[in-house]
């Protein structure tokens, strides 16, 4: 029999190049919803959980907070040790730290959100009885008179007395994030994000009557000594955490702690702080 021609070998199939790994996106993040106790927020919570699901905080990669600015501050304080970004949606009366509420396309909004980090103030308050109170404040630390007479405060910056006596209803130290809150109502300046400054603002200053406060670097330590505190009692407050009647309070920025806030593009803190000055 004649020899059969050899069967040609099939060319090897080229291997497909490996598919590069895609970077993680917030679109696939696990959402933990938190809501204030208002009827509006709780109703929104039910609808959003039914639509997107929710996970416990220890399994989440992003937190969505439903409420107003007060609830956002509570959420940031309560979840501080988790290091998770927080995206707020306004279901309250004031929403400077919140995004506009909308039920649609939440995963896409989270994926596109821009992150801003704010560092809190650390308050070290010594009570009249020697008790020490410590607290963190994202907005401000405020000293307020706790009786019918004006407070008398001595102000020391980095160990040097700068104002021997301030007679006033109170005084506060605020961050840039908090500069449009109590500080602004007390006629303090609005601080741009990233300016690395704190505002020291008096409230209803009587003496020196024309003193309007000061801008200080974030590295400054501010000390208030309450003069004549038995006759003119003063309380201290850090974002709603009160320290009762105090004899002295020290305030400084804490760069070791960073709160991660998420905002819709073009609606971050920098834009809001700038817009607030032209209203």
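The values are calculated or read from the model by the stated rules, or taken from the named source; none is laboratory data. Keep in mind that this is a model prediction, so the values were computed, not measured. A quick note on method: Cβ atoms are made from the backbone with ideal geometry, for glycine too, and the neighbour counts reach across all protein chains shown.
Numbers below:
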quantity: So residue 179, is it in a loop (DSSP other than H, G, I, E, B) and either crowded, with 16+ Cβ neighbours inside 10 Å or touching a strand residue (DSSP E or B) at 6+ places or on another chain (Cβ under 7 Å) (or both); calculated: yes
quantity: Candidates 106, 76, filtered to the one that is on the phi < 0 side of the Ramachandran plot, touching a strand residue (DSSP E or B) at 6+ places or on another chain (Cβ under 8 Å) and surrounded by 22 or more Cβ atoms within 10 Å (Cβ to Cβ); calculated: 76
quantity: Some residue of region 182-191 being touching a strand residue (DSSP E or B) at 6+ places or on another chain (Cβ under 9 Å) and assigned to a strand (DSSP E or B); calculated: no
quantity: From the options 180, 218, 175, residue that is at negative phi and in contact with a helix residue (DSSP H, G or I) (Cβ under 6 Å, 6 or more places away or on another chain); calculated: 180
quantity: Wholly within region 33-150, strands (runs of 3 or more DSSP E) carrying at least 2 residues that are closer than 25 Å to residue 170 by Cα and touching a residue at least 60 places away in the same chain (Cβ under 8 Å); calculated: 121-127, 132-137, 140-145
quantity: Residue 46 being at pLDDT 95 or above and out of contact with any strand residue (DSSP E or B) (no Cβ under 7 Å at 6 or more places or on another chain); calculated: yes
quantity: Criterion (at pLDDT below 95 and not assigned by TED's automatic domain parsing to the domain that holds residue 87) met by exactly one of 195, 236; calculated: 195
quantity: Test: residue in region 250-262 that is under 30 Å from residue 148 (Cβ atoms), outside any loop (DSSP other than H, G, I, E, B) and touching a residue at least 60 places away in the same chain (Cβ under 8 Å); calculated: yes
quantity: Residue check for residue 237: closer than 13 Å to residue 153 by Cα and not in a loop (DSSP other than H, G, I, E, B); calculated: no
quantity: Checking residue 95 against (1) within 30 Å of residue 51 (Cβ to Cβ); (2) touching a strand residue (DSSP E or B) at 6+ places or on another chain (Cβ under 9 Å); (3) modelled with pLDDT of 95 or more, the condition it does not meet; calculated: (3)
quantity: Any chance residue 164 is free of Cβ contacts under 8 Å to residues at least 40 places away in the same chain, within 27 Å of residue 259 (Cα to Cα) and surrounded by fewer than 17 Cβ atoms within 10 Å (Cβ to Cβ); calculated: no
quantity: Residue in region 203-213 that is surrounded by 15 or more Cβ atoms within 10 Å (Cβ to Cβ) and within 14 Å of residue 157 (Cα to Cα) present; calculated: yes
quantity: Residues within region 205-234 that are free of Cβ contacts under 8 Å to residues at least 24 places away in the same chain and not in a strand (DSSP E or B), tallied; calculated: 2
